[in-house]
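Trainee: Before I ask anything, let me first share the structure, which is written out below as structure tokens.
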Amino acid sequence: MGMPMGVGIVAASGVFLAAGAVGLYGTFVPQSSLWCRNTWHGPRAGDRVALTFDDGPSPGYTDRVLEILARQRVPASFFVIGRNVEKSPNLLRRVHDAGHLVGNHTFDHHHFAVFRGYRYWLDQLERTSNIVERTIGQRPRYFRPPVGIKFIFTAMAARRLGQTVVTWSQSARDGVATSVDRIMARLANVTGGDIITLHDGIDPHSPRRPEITLEALPILIEQLRTRGLEFARLDELIADQVAAGDART
Ligand SMILES: [Zn+2]
């Protein structure tokens, strides 16, 4: 005699719920590595952190971020939207010429594309890589999915193109309306190895005031330096982990 039907149904639902919870975690939590190897921080032993800027290039903002970084001699990384590169190729050239890293952040930056198929993701990544290469002569080696959401097809497309998936361990959450104080409070616990996400662009699906990021940036840089932290380009921060194939921990 097997177990009573009621118990069986409860047990089966439990398994489905658990599988569903793991799937949701793997898909929607930026730090998860369920669908792909995902690098979300660098070595914890050192004093280096990486500043990353998403959603540009955008005239009026990316150029001002570049000025602040140049003044403070901070190397950084920019995850760009293909559609924005198309509109502002000269701005991307300035990012590259200043010595910063350029990464792939899809062509359209749709938030709800997460469950689109493999071909969609391959097309999004490839079109962005192509336009970046036409503009600065190099294809991106790093890919950051919009809002940190990744599904199996996102992961497959990135792997096919040889791009390392990178999210973050600290976020300013400045992609939406916020204040300098809130940004500083969110980033109060940054330590060595952190990958920090800020925004130099305006997400086409979520309007905000990028001036807040521009105001916060010099304060943030000074505060992190005062605490003994140094800035590195993302590829320099995580080079050893990516080479060792151990990007998760
Ligand atoms: Zn984004």
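Trainee: Just to be sure I follow the definition: excluding the sites themselves, where is the longest run in the chain that has none of the chymotrypsin sites (Phe, Trp or Tyr not before Pro) in a DSSP loop with at most 12 other Cβ atoms within 10 Å?
Mentor: The longest uninterrupted stretch comes out as 116-249.
Trainee: A further question follows. Whole number please: convex hull volume per residue of the Cα set in the chain, in Å³?
Mentor: 153 Å³
Trainee: Efficiency by 1/(1 + (r/R0)^6): what FRET value for residue 225 and residue 138, r their Cβ-Cβ distance, R0 = 22 Å, to the nearest 0.05?
Mentor: 0.15
Trainee: Starting from the Cα of residue 21, step 7 Å along the direction of its Cβ; do the same at residue 191; then give the gap between the two resulting points in nm.
Mentor: 2.7 nm
Trainee: Whole-Hz ³J(HN,Hα) for each residue in region 95-109, computed from phi via Karplus 6.51 cos²θ - 1.76 cosθ + 1.60 with θ = phi - 60°, x for glycine and proline: what do you get?
Mentor: With coefficients 6.51, -1.76 and 1.60, one gets 4, 5, 5, 7, x, 8, 7, 10, x, 8, 10, 6, 8, 10, 6 Hz.
Trainee: Rounded, prolate or oblate: which one fits region 21-104, using the alpha carbon gyration tensor with axes a ≥ b ≥ c (rounded when a/c is under 1.5, else prolate when a/b beats b/c, else oblate)?
Mentor: In terms of gyration-tensor shape, oblate.
Trainee: Using 0.36 nm per residue, how much length does the chain from residue 182 to residue 235 gain when fully extended, once their Cα-Cα distance is taken away?
Mentor: Difference between extended and current length: 16.3 nm.
Trainee: If the viscosity is 1.306 mPa s and the temperature 10 °C, what Stokes-Einstein diffusion coefficient in µm²/s follows for region 124-190 when Rh is the Kirkwood radius over Cα pairs?
Mentor: Translational diffusion coefficient: 114 µm²/s.
Trainee: If the chain between residue 83 and residue 37 were fully stretched, how many nm would it gain, using 0.36 nm times the residue separation less the Cα-Cα distance?
Mentor: 13.9 nm
Trainee: Then there is this: What's the extension gain from residue 98 to residue 111 if we count 0.36 nm per residue and subtract their Cα-Cα distance?
Mentor: Extra length from residue 98 to residue 111 when fully extended: 1.7 nm.
Trainee: Would you please name the trypsin sites (Lys or Arg not before Pro) within region 190-231 that are DSSP coil residues with at most 13 other C-beta atoms within 10 Å of their C-beta?
Mentor: Answer in residue order: 227.
Trainee: Return the sequence-ordered ³J(HN,Hα) values of region 53-60 in whole Hz as given by the Karplus equation 6.51 cos²θ - 1.76 cosθ + 1.60 applied to θ = phi - 60°, using x for Gly and Pro.
Mentor: So the Karplus estimates, Gly and Pro as x, are 10, 10, 5, x, x, 10, x, x Hz.
Trainee: For q values of 0.17, 0.19 Å⁻¹, compute log₁₀ I(q)/I(0) with the Debye formula on a Cα-only model of region 136-231, without solvent.
Mentor: -0.88, -1.02
Just so you know, all these numbers are worked out from the coordinates, no wet-lab data involved. Since we're looking at a predicted model, the values are computed, not measured. Backbone-built Cβ (ideal geometry, glycine too); neighbour counts: all protein chains shown.
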